[in-house]
Amino acid sequence: MTARYDWTINQGETTTLDYTRTEADGGTSGMAFTGGTFAMQARTKYGGDKVLELAQSDFSISVGTNSVENKVTITISADKTSAMTAPGKYVYDVEFTASGGAITRLLEGTLILTPEVTV
């Protein structure tokens with residue numbers, strides 16, 4: 001099930017979002033995030049111009065020692081948020097591609113970029 005999270009980001013600032021995948025039964029044991037890749041895009045609207053694209057290197061994965069925690073941390077660097085030159089409201093999603101090729105959309109929502117005044 002795709003989680004909806006509306007995210008406000010300050011332009012020129014490093015931002016972090018922690019996400020833990022929970023299954024319908026409330027557990028976290030349904031999907032292991034090891035062996036696959038993550039990707040994120042933000043666009044002006046669905047099907048619109050791309051304003052942000054993140055690759056695997058922008059994500060970190062936390063896996064528990066006894067069971068899968070299913071925790072993903074998304075970090076967008078200050079350089080990447082500074083490069084988003086048009087503050088405003090966007091749509092985004094985060095997808096996980098498992099090693100076998102199955103794609104799961106983990107997160108989606110609105111991304112609001114607030115403008116930087118001090119540069």
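Residue-level check: of (1) under 28 Å from Thr118 (Cβ atoms); (2) at pLDDT 85 or above; (3) not charged (D, E, K, R), Leu54 misses just (2).
Mind listing whichever residues of the stretch 77-115 are of a type outside the set (Val, Ile, Thr) and within 12 Å of the chain's Cα centre (by Cα)?
The initial filter retains those residues of the stretch 77-115 that are of a type outside the set (Val, Ile, Thr), namely 77-80, 82-84, 86-90, 92-93, 95-96, 98-102, 105-109, 111, 113, 115.
Selection gives Tyr92, Asp93, Glu95, Phe96, Arg105, Leu106, Leu107, Glu108, Gly109, Leu111.
Selection of first residues in the stretch 60-80 that are part of a loop (DSSP other than H, G, I, E, B) and surrounded by 15 or more Cβ atoms within 10 Å (Cβ to Cβ) and of second residues that are of a type in the set (S, T, N, Q) and at pLDDT 75 or above, restricted to Cβ pairs under 7 Å at least 6 apart or on distinct chains, gives the following pairs, ordered by first then second residue: Glu69/Thr20; Asn70/Thr20. Sub-9 Å Cβ pairs linking a first residue in the stretch 9-23 that is of a type in the set (Val, Ile, Thr) and in a strand (DSSP E or B) to a second residue that is surrounded by fewer than 15 Cβ atoms within 10 Å (Cβ to Cβ) and at pLDDT 90 or above, at least 6 apart or interchain, are Ile9/Ile112; Ile9/Thr114; Thr15/Thr8, ordered by first then second residue. The set of residues in the stretch 30-40 being surrounded by fewer than 16 Cβ atoms within 10 Å (Cβ to Cβ) and either at pLDDT 80 or above or touching an Asp or Glu at 6+ places or on another chain (Cβ under 7 Å) (or both) consists of Gly30, Thr37. In the stretch 1-29, of all residues being of a type in the set (Gly, Ala, Ser) and surrounded by fewer than 15 Cβ atoms within 10 Å (Cβ to Cβ), the one that is modelled with the highest pLDDT corresponds to Ala3. When the stretch 85-113 is filtered for residues that are at positive phi and surrounded by 14 or more Cβ atoms within 10 Å (Cβ to Cβ), only Gly109 remains.
The values are calculated or read from the model by the stated rules, or taken from the named source; none is laboratory data. Everything numeric here is computed off the predicted structure, so don't read it as measured data. Glycine also receives a Cβ, built like all others from the backbone with ideal geometry; neighbour counts cover every protein chain displayed.
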